[in-house]
Amino acid sequence: MKTWPIALALVILSTSNASAESVVVDTILRTTETSSGKPITVPTHPELVVSTFEIGPHTRLALHKHPYARYAYVLDGAITVEVQGGDRHRYVAGDVIVEVIDEWHVGITGEEAVKLLVIDQAPSGKSNTVLWDGETPK
């Protein structure tokens, strides 16, 4: 009979100082929809890419869209997202942005810089940003 798995478990348990009281989980957002109310869709077996974005004050990002799921957590500052032909949302530090999928939009910063933690779920090696090419957006 092998006793090493039991002994290893006892060592791990006896050396761990973590307890239920030392871990606090605060759910910031739970949703199945993008910010425009459409379902979040994720490609089969996506590649997960996590990035930080720093966007300077008084910046208007180029018109663009995301073909796949993108989420952003506002670490610092505030940003307004304007979806072409519709919604306008302002997000501040502590907010989660569930970006629109396949809808043209821009991001606009105000008096201060914005820092975002961005998470993309796209097919491996594919970009999740399509810039408007100057033609009429479809």
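The Kirkwood hydrodynamic radius of region 28-73, based on inverse pair distances between different Cα atoms, is 13.3 Å. Roll a 1.4 Å probe over the protein chains and send me the accessible area per residue for region 90-137 in Å². Spelled out: the 1.4 Å probe surface of region 90-137, per residue, equals 52 Å².
Sort the following peptides by mean Cβ neighbour count (other Cβ atoms within 10 Å, averaged over residues), highest first: 96-103, 26-33, 42-49, 108-115.
In descending order of packing, they fall as 96-103, 108-115, 42-49, 26-33.
The heavy atoms of Ser124 offer some 90 square angstrom of accessible surface to a 1.4 angstrom probe. Taking all protein chains together and a 1.4 Å probe, the residues Thr129, Thr41 rank Thr41, Thr129 from largest to smallest accessible area.
Normalised by 2.2 N^0.38 Å, where N counts its residues, the alpha-carbon radius of gyration of region 33-138 equals 1.03. Region 21-69 and region 77-138 have Cα centres spaced 9 Å apart.
Local charge sum around Ala78 (other residues, Cβ-Cβ under 10 Å, Lys/Arg +1, Asp/Glu -1)?
On the way: positive: Arg90; negative: Asp76, Asp95, Glu111, Glu112.
After counting each charged neighbour, the total is -3.
The values are calculated or read from the model by the stated rules, or taken from the named source; none is laboratory data. Note that the coordinates shown come from a computational prediction; the quantities given were computed from them, not determined experimentally. Every residue, glycine as well, gets a Cβ built from its backbone with ideal geometry; the counts of neighbours run over all protein chains shown. These accessible areas exclude ligands, DNA and RNA; they are computed on the full protein's heavy atoms, side chains included. Shrake-Rupley method; radii C 1.70, N 1.55, O 1.52, S 1.80 Å.
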